[in-house]
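The values are calculated or read from the model by the stated rules, or taken from the named source; none is laboratory data. The structure presented is a predicted model; accordingly, all values stated were derived computationally and were not measured. Here the Cβ positions follow ideal geometry from the backbone for every residue, glycine too, while neighbour counts run over all protein chains shown. For the accessible areas, the whole protein counts, side chains as well, though only heavy atoms, and no ligand, DNA or RNA atoms are used. Shrake-Rupley method; radii C 1.70, N 1.55, O 1.52, S 1.80 Å.
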Amino acid sequence: MMVFNFKSEELFAIYKVASMMANADGVVYPDEEKCISDEMAHLGVATPEESKSVEDNGLAMKPLAAMNIISDFNNEQKRYINAFLGSIISIDGDIADAELALWRLVGELCDLPKMSVRQAINLFANR
């Protein structure tokens, strides 16, 4: 199991990009929201107050600022983030072209390791 100690700003960036992924097809499904909130809890966002803070600050963060933060992650963190994002776009069982395009763009801009959606799902499931 991968354990990371992300700082607040890093958690905001992760939340921002995760919410962008969930919204890429124009619809945020309950399963996508649950995946994001469960993962934030997995990353140590434990209380409702912390969760609200991460959500508010994450949503307020500019996309470019979030991607700049993520691009500074180490290779293991980048691999994890890419797997998380790949899992978000596949959770509703239908990967929209817009979701796939955004996932690839974020991956390119943040220098995330290349992986297929299947690899992302498997990596994330076995984190």
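Pick from LYS78, LYS62, LYS16: which residue has the top mean-square fluctuation in a GNM of the chain where Cα pairs under 10 Å get a spring?
LYS62
Can you compute the charge dipole magnitude of the chain about its Cα centre, using +1 on each Lys and Arg Cβ and -1 on each Asp and Glu Cβ, nothing else charged? Give it in debye, rounded to the nearest 20.
So the dipole magnitude of the chain works out to roughly 420 debye.
Once you list every other residue whose beta carbon is under 12 Å from the beta carbon of LEU59, what net charge do they have if Lys and Arg are +1 and Asp and Glu are -1?
Net charge around LEU59: +1.
Where Lys and Arg each count +1 and Asp and Glu each count -1, what net charge lies around LEU112 among other residues with Cβ under 14 Å from its Cβ?
0
Accessible area per residue of region 80-127 at 1.4 Å probe, in Å²?
Averaged over the residues of region 80-127, the accessible area is 50 Å².
I want to verify the translational diffusion coefficient of the chain in µm²/s; compute it with Stokes-Einstein, Rh as the Kirkwood radius over Cα pairs, at 37 °C and 0.692 mPa s. Display every interim value, and only then the final one.
Values: Rh = 14.2 Å.
The Stokes-Einstein estimate is 230 µm²/s.
Could you check how much of the accessible area of the chain is carbon and sulfur, as a whole percent, using a 1.4 Å probe? Walk me through the intermediate numbers first.
Details: 3510 of 6860 Å².
Solvent-exposed carbon and sulfur of the chain make up 51 percent of the total.
Quick one: Karplus J couplings for region 114-127, per residue in order, coefficients 6.51, -1.76, 1.60, θ = phi - 60°, nearest Hz, x for Gly and Pro?
After applying 6.51 cos²θ - 1.76 cosθ + 1.60, I find 6, 7, 7, 4, 4, 4, 4, 4, 5, 4, 5, 5, 9, 5 Hz.
Considering only ASN75, ASN57, ASN23, give the residue with the highest GNM mean-square fluctuation for the chain, with springs between Cα atoms whenever their separation is below 10 Å.
ASN75
Using θ = phi - 60° and the Karplus relation 6.51 cos²θ - 1.76 cosθ + 1.60, list the HN-Hα couplings for region 87-100 in order, rounded to whole Hz, with x at every Gly or Pro.
Those phi angles translate into 5, 4, 5, 9, 5, 8, x, 9, 9, 6, 4, 5, 5, 5 Hz.
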